[in-house]
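*Asks:* Right, I'll just put the structure down here and ask away after.
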Amino acid sequence: MPRRQVTNADVARLAGVSRTTVSRVMNDGPGVKLSDDTRQRVLEAAQKLGYYPMAAARSLVTGKTQRIGLVLGEGQHRLAADAFFPVFLRGFSVSAHQHGYLVVIHLAKDVLDQEECIWLIRKQQVDGLILSGPSLNSPLLSRLAEERFPLILHGRLTGSGFTCVDVDNSAGAHQAVSHLIGLGHRRIGFISNAHFSFSGAQERFAGYTQALAEHDLVHDSELVKVAAFQPEGGKAAMEQMLRLPQRPTAVFAASDVIAFGAMSAIRAAGLRIPEDVAVVGFDDIFLSAHAHPPLTTVRVPAYELGQTAVELLIPLIEGDKDVSSVMLETELIIRDSCGAKATRCP
């Protein structure tokens with residue numbers, strides 16, 4: 001015979017309280033005032049019987065769904081091609097579950113499509129939202145600002161007024177390019193991992209140009225290419241650079257996935273890495289240490305970024321308006337692809 005489902009009436013009988021009291025304790029609704037003894041008796045009875053309130057009932061009492069949403073711009077392409085995001089998602093999910101929240105993931109076709117995000121908020125009824133890969137041109141942000149909806153940006157938009165979590169992309173790129181310059185390179189290519197309307201791509205490009213300027217190196221527009229997430233984009237961009245009358249002696253790719261494509265093009269051209277063309281990436285995904293040769297890259301704490309995004313969002317959901325943005329540190333991991341001795345540069 002199937003086991004009968006435990007109800008709040010069973011918990012009430014064991015704890016010696018009313019069903020209403022059980023409901024108030026388990027759902028922890030606003031304005032609930034109960035003695036510590038009563039609350040403890042109910043919780044112990046519920047644990048002994050294995051009773052858990054239905055999420056729908058809890059939502060009616062608390063006014064919250066206990067769900068948070070994550071929107072990934074260009075989501076399907078990014079998840080399919082970029083090993084950074086599974087690690088970010090793991091940190092995000094673990095932290096959300098630790099706080100008692102379920103996760104709703106939306107793979108947006110375009111972060112500019114505000115209707116998809118509004119649909120997520122209205123139809124899926126999430127309590128808060130994390131938008132990964134915000135665009136400088138997105139009308140969605142002003143709409144969410146008007147509604148005062150709890151929102152955290154994974155990516156920095158200066159002057160937007162939203163709380164964000166990110167790494168200092170510009171500083172990481174600056175360190176990577178400065179390292180190449182320190183190795184003697186003067187003609188260094190840049191391959192972006194996204195269009196410059198995305199804040200992260202723009203910041204990594206800014207770090208690249210700043211490093212060149214500090215060493216009185218000319219910024220050659222022919223050495224700047226835009227690729228989008230997939231290795232094929234990095235390969236195509238590198239092939240274009242290699243056809244130049246004066247090819248680069250080094251290239252900085254704004255993601256490891258793009259760097260892998262660039263390395264493929266270099267090898268296909270019969271050139272050696274790093275003897276003919278040095279390569280540096282960004283992210284330090286798990287495959288980077290196993291590339292041929294192992295890839296020098298800027299390490300990004302992907303797990304901690306996902307975890308921190310949730311840690312910032314929960315207080316916003318609970319009504320705290322003074323939540324500050326967080327910037328996590330990067331670290332230059334030097335391997336064989338740049339021609340220097342393997343080391344770590346914080």
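*Asks:* Would segment 286-301 turn up any residue that is among the β-branched types (V, I, T) and farther than 22 Å from G182 by Cβ?
*Replies:* Within segment 286-301, none of the residues are among the β-branched types (V, I, T) and farther than 22 Å from G182 by Cβ.
*Asks:* Working carefully through the options L102, L129, find the one that is within 22 Å of Q307 (Cβ to Cβ), within 15 Å of the chain's Cα centre (by Cα) and at pLDDT 70 or above.
*Replies:* Result: L129 is the single residue among L102, L129 that is within 22 Å of Q307 (Cβ to Cβ), within 15 Å of the chain's Cα centre (by Cα) and at pLDDT 70 or above.
*Asks:* Does L153 fit the bill of being part of a helix (DSSP H, G or I) and either buried (at least 21 other Cβ atoms within 10 Å of the Cβ) or of a type in the set (A, V, I, L, M) (or both)?
*Replies:* Spelling it out, it is not the case that L153 is part of a helix (DSSP H, G or I) and either buried (at least 21 other Cβ atoms within 10 Å of the Cβ) or of a type in the set (A, V, I, L, M) (or both).
*Asks:* Here's another thing I want to ask about it. Which residues, counting only those in segment 15-38, are modelled with pLDDT of 80 or more and buried (at least 18 other Cβ atoms within 10 Å of the Cβ)?
*Replies:* Scanning segment 15-38 gives A15, V17, T21, V22.
*Asks:* Shifting gears a bit: Restricting attention to segment 156-194, which residues are without any contact (Cβ under 8 Å) to a residue 12 or more places away in the chain and either crowded, with 22+ Cβ neighbours inside 10 Å or in the same structural domain as G281 (by TED's automatic domain parsing) (or both)?
*Replies:* Correct list: G182, G184.
*Asks:* With respect to S324, determine if the residue is surrounded by fewer than 24 Cβ atoms within 10 Å (Cβ to Cβ), closer than 30 Å to H154 by Cα and not assigned by TED's automatic domain parsing to the domain that holds Q202.
*Replies:* Here the answer is yes, as S324 does meet what is asked.
*Asks:* For segment 264-283, check the following and say yes or no: at least one residue is among the charged types (D, E, K, R), crowded, with 24+ Cβ neighbours inside 10 Å and at positive phi.
*Replies:* yes
*Asks:* Only helices (runs of 4 or more DSSP H) wholly contained in segment 229-346 count here; list those with 1 or more residues that are touching a residue at least 40 places away in the same chain (Cβ under 8 Å) and of a type in the set (S, T, N, Q).
*Replies:* 302-317
*Asks:* Taking A201 as the residue in question, decide whether it is under 30 Å from G91 (Cα atoms) and free of Cβ contacts under 8 Å to residues at least 60 places away in the same chain.
*Replies:* So A201 passes the test.
*Asks:* Ok, one more. Would you confirm whether any residue within segment 210-223 is closer than 16 Å to V280 by Cα and under 24 Å from the mean Cα position of the chain (by Cα)?
*Replies:* no
The values are calculated or read from the model by the stated rules, or taken from the named source; none is laboratory data. Keep in mind it's a predicted model, so treat the numbers as computed, not measured. Quick reminder, even Gly has a Cβ in these numbers, built from the backbone with ideal geometry, and neighbours come from all protein chains shown.
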